[in-house]
Amino acid sequence: MDSEHWRAVVTAAQAGDRRALDELVAGWLPLVYNIVGRALNGHADVDDVVQETMLRAVGNLGSLRDPDSFRSWLVAIAMRQIRDRARRKTPDRLEEAPASDFADLTVLRLQLEGQRREVAEAVRWLDDEDRQLLSLWWLEVAGELTRRELAAAVGITRQHAAVRVQRMKERLETSRGIVRALDGACPGLRELTGRWDGRPDSVWRKRLARHIRGCGYCGGTRETVVPAERLLVGIALVPLPVGFTLSLAFGGKTAVAATSAGWSAKLLGALTKPAVAVTAGATIVAGGAYVVTQPPDAPPPRAAIAPTATATSEPPRTSAPPAPTPRSSPSATKKTDPYGTVVDAVDRAPDADTPPAALPRRPESGITSTGGPKAVMQHRGDRVTLTGRGYVLVRWQISPASRPGALVMPSWTGLKGRLFHVASGGSRRMDDPLPGAPNGYATGMGGPGIGYAVLPPGTQQMWQNEYFYLDGTVTLTQNERGCDYGLIVFPTDRGAVAEDIGQGPPQGAIRYGLVRDTGTDSAPVPQYLTRETPADPATVPQRSRV
């Protein structure tokens with residue numbers, strides 16, 4: 001997060017700025033929710049601990065001397081509340097099951113697959129102390145915390161933190177082995193677990209780990225085990241559940257008592273005055289209640305409404321529309337460029353019953369991918385590097401039911417050679433109406449029942465399948481923020497491209513595909529493409545720089 005921005009926000013909130021306080025809560029509540037949720041594994045006390053953490057943070061905000069240390073200060077408060085909750089546990093509450101298993105929430109809300117899913121589920125097998133540490137280490141490797149902040153939150157030195165983290169990681173790897181084994185079909189393991197009630201604990205972790213060490217079937221790894229820290233790099237925070245309510249009202253305290261506890265008069269006024277603002281899908285309402293919502297009566301973005309077959313695709317908007325983006329034709333761009341003279345065109349949806357033009361032939365020797373034949377990229381920071389000469393399919397999966405909102409587009413970086421956007425297919429554009437759409441959907445971009453994925457102004461509307469031709473090397477990075485989306489990247493060939501785009505309404509598709517390739521170096525290049533390798537790929541500008 002931008003440290004200068006948050007320093008200004010903290011300073012303004014300390015001075016009693018209501019909007020700054022709203023932004024502060026909206027910006028940092030997800031971090032606290034993830035720390036507490038993972039440390040307590042979704043126990044019924046999660047909401048209470050999150051609320052107490054934010055209440056103490058807001059109430060003591062005036063005592064924070066250095067706004068730059070707000071994040072580490074807030075995390076330390078959260079860890080104290082977690083430890084206080086552990087000390088307060090009574091025997092009758094020790095056996096309570098989680099209200100909503102946080103491992104399941106992590107898998108479902110972030111759509112984790114494979115070994116990422118395995119790591120999330122392995123958390124269930126850790127003891128409370130390890131789970132508390134993992135809740136911080138997970139965010140450290142995901143880029144949300146630093147090691148210094150982790151050590152400060154736990155109250156130990158960085159050297160001691162390194163030792164503690166290493167021991168926790170060893171137990172996490174043991175737990176990952178248990179998750180893998182339980183997914184298998186070992187007869188000996190089935191016999192051993194016949195007496196198990198299905199609830200992970202340290203006793204059964206030791207029993208199952210002992211079995212795995214001595215079992216040729218369970219101990220045999222059938223795929224390369226990727227270290228947990230590599231799996232968690234760039235992973236998103238688990239989003240707050242819709243309807244999550246955080247009351248920041250000072251309840252039964254009198255103004256005098258609240259002030260003596262460190263609440264400034266300005267902050268008290270901010271918390272007790274009605275409605276502040278809607279910020280990032282959340283609102284502080286009268287009495288200081290913070291509610292994560294989707295405004296139910298908000299109209300969908302204009303361009304996200306299902307278009308007719310001949311409608312022009314314009315980017316969905318949530319604010320005042322920018323100046324119109326010209327609908328470029330090949331002749332509208334610079335003719336002096338030797339490569340990629342058609343760039344960044346916002347195009348018109350073709351008629352559904354119009355077959356595509358012939359796909360030009362380009363030389364193919366094949367594409368190699370660091371993600372293998374099927375690279376699944378579902379989280380911010382996921383990336384794949386493609387090398388060779390041939391065709392690549394990028395398949396879009398948008399999940400506004402999980403998290404709608406502004407969509408930060410993926411970017412192509414480090415290009416060496418040439419990259420063309422040659423065709424679009426998959427039987428539909430993502431803004432096409434979906435016949436019989438379930439669960440609040442109207443199009444692939446969402447619907448009034450769940451909200452819409454919103455493209456940046458001027459961004460070309462993508463299809464389910466987008467095809468590219470590469471002659472060289474380039475890296476594609478998933479930049480998910482806001483709306484939940486995923487990409488699957490497949491090296492492919494011209495024959496598969498032509499077959500896909502040739503499927504039309506007579507074969508049950510919504511529309512035929514679209515050929516973009518001119519067969520020359522004037523073919524379109526993708527938006528968000530650069531030959532540079534920026535530290536943050538999400539900063540690549542929309543208009544390609546090649």
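The values are calculated or read from the model by the stated rules, or taken from the named source; none is laboratory data. Just so we're clear, the structure is a prediction, and the values are computed from it rather than from any experiment. Counting neighbours? That spans all protein chains shown, and the Cβs are built from the backbone with ideal geometry, glycine included. What goes into the accessible areas is simple: the full protein's heavy atoms, side chains included, and nothing from ligands, DNA or RNA. Shrake-Rupley method; radii C 1.70, N 1.55, O 1.52, S 1.80 Å.
Here are a few things to note about the model shown:
- Those residues of the stretch 511-529 which are assigned to a strand (DSSP E or B), open to solvent by less than 30 Å² (accessible area, probe 1.4 Å) and under 14 Å from residue 358 (Cα atoms), in sequence order: 515
- Answer residue from the stretch 367-403, given it is of a type in the set (Ser, Thr, Tyr) and either within 23 Å of residue 483 (Cβ to Cβ) or free of Cβ contacts under 8 Å to residues at least 24 places away in the same chain (or both) and is most open to solvent (accessible area, probe 1.4 Å) among those: 370
- Taken together, 534, 506 contain a single residue that is surrounded by fewer than 18 Cβ atoms within 10 Å (Cβ to Cβ) and either part of a loop (DSSP other than H, G, I, E, B) or aromatic (Phe, Trp, Tyr) (or both), which is 534.
- Annotation note: Cβ proximity below 7 Å between a residue of the stretch 115-129 that is farther than 14 Å from residue 199 by Cβ and a residue that is open to solvent by 60 Å² or more (accessible area, probe 1.4 Å) (sequence gap 6+ or interchain) occurs for 118/180.
- Selection count where residues are assigned to a helix (DSSP H, G or I) and touching a Ser or Thr at 6+ places or on another chain (Cβ under 9 Å), scope the stretch 194-205: 2
- Residue 191 falls short on exactly one of the conditions (1) at pLDDT below 85; (2) part of a helix (DSSP H, G or I); (3) under 29 Å from the mean Cα position of the chain (by Cα); (4) surrounded by fewer than 20 Cβ atoms within 10 Å (Cβ to Cβ), and that condition is (3).
- Among the residues making up the stretch 368-380, those that are over 28 Å from residue 432 (Cβ atoms) and touching a Ser or Thr at 6+ places or on another chain (Cβ under 7 Å) are 368, 370.
- The sole residue among 181, 162 that is of a type outside the set (Val, Ile, Thr), in a helix (DSSP H, G or I) and open to solvent by less than 30 Å² (accessible area, probe 1.4 Å) is 181.
- Unmet requirement for residue 488, which otherwise passes all of (1) part of a strand (DSSP E or B); (2) crowded, with 19+ Cβ neighbours inside 10 Å: (2)
- Some residue of the stretch 17-25 being touching a Pro at 6+ places or on another chain (Cβ under 8 Å), at pLDDT 85 or above and not polar (S, T, N, Q): no
- Condition check for residue 452: at pLDDT 95 or above, crowded, with 24+ Cβ neighbours inside 10 Å and not β-branched (Val, Ile, Thr): no
- Scoring residue 461 on the criteria (1) under 15 Å from residue 419 (Cβ atoms); (2) open to solvent by less than 10 Å² (accessible area, probe 1.4 Å) leaves a single failure, condition (1).
- When the stretch 491-503 is limited to residues that are hydrophobic (A, V, I, L, M, F, W, C) and touching a strand residue (DSSP E or B) at 6+ places or on another chain (Cβ under 7 Å), the one that is surrounded by the most Cβ atoms within 10 Å (Cβ to Cβ) turns out to be 501.
- Near pairs, Cβ below 7 angstrom, 6+ apart or cross-chain, from the stretch 426-441 (of a type in the set (D, E, K, R)) to any residue that is crowded, with 20+ Cβ neighbours inside 10 Å and part of a strand (DSSP E or B): 428/463; 428/464; 429/463; 431/443; 432/443
- Annotation note: of 326, 316, 356, the sole residue that is assigned to a loop (DSSP other than H, G, I, E, B), in contact with a strand residue (DSSP E or B) (Cβ under 6 Å, 6 or more places away or on another chain), of a type outside the set (D, E, K, R) and modelled with pLDDT under 70 is 316.
- Filter pass, residue 411 being under 22 Å from residue 489 (Cα atoms), within 27 Å of the chain's Cα centre (by Cα), at pLDDT 95 or above and crowded, with 19+ Cβ neighbours inside 10 Å: yes
- When the residues of the stretch 419-448 are filtered to those that are hydroxyl-bearing (Ser, Thr, Tyr) and in contact with a strand residue (DSSP E or B) (Cβ under 6 Å, 6 or more places away or on another chain), the one that is most open to solvent (accessible area, probe 1.4 Å) is 441.
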